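What follows is calculated from the coordinates using simple rules that are stated; it is not laboratory data. Everything numeric in this text was worked out from a predicted model, so none of it was measured.
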Amino acid sequence: MDNLSQLLVGGIPLVIVIFGLVEFAKSFGLQGKLVTLLSMLLGVIFGICYKIAAAGLPAGFAGWFIVVVFGLALGLVTSGFYKFIDNRMPVQGP
């Protein structure tokens with residue numbers, strides 16, 4: 001089983017890339033539950049792509065099931081971490 005905290009792409013932790021993309025989207029005015037949803041979707045997409053890049057396209061249902069569950073797990077981790085951090089570190093005014 002892959003350790004979700006150690007997923008690296010080019011030496012860069014995948015979770016950090018997703019957090020960076022979410023923060024980038026926030027700079028365009030995205031806020032609230034849409035930010036959490038974006039974090040989940042990016043986690044799912046990047047998780048599925050990571051698994052396929054590492055092991056190739058799955059041959060059957062069992063392989064695809066593993067890929068999809070892995071993507072969901074990464075999406076849940078990233079959206080959960082993001083929501084946890086966002087709730088505890090409110091935006092500071094100028």
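Details
- Extended-chain gain in nm, criterion 0.36 nm per residue less alpha-carbon gap, Val68 and Phe24: 13.3 nm
- Backbone amide hydrogens, once placed in the peptide plane, bring Val9 within less than 5 Å of Leu14, excluding anything fewer than 5 places away on its chain.
- Percent of Cα pairs in the range 4-88 per distance bin of 5 Å, from zero to the largest separation: 3, 16, 25, 23, 15, 11, 5, 2, 0.
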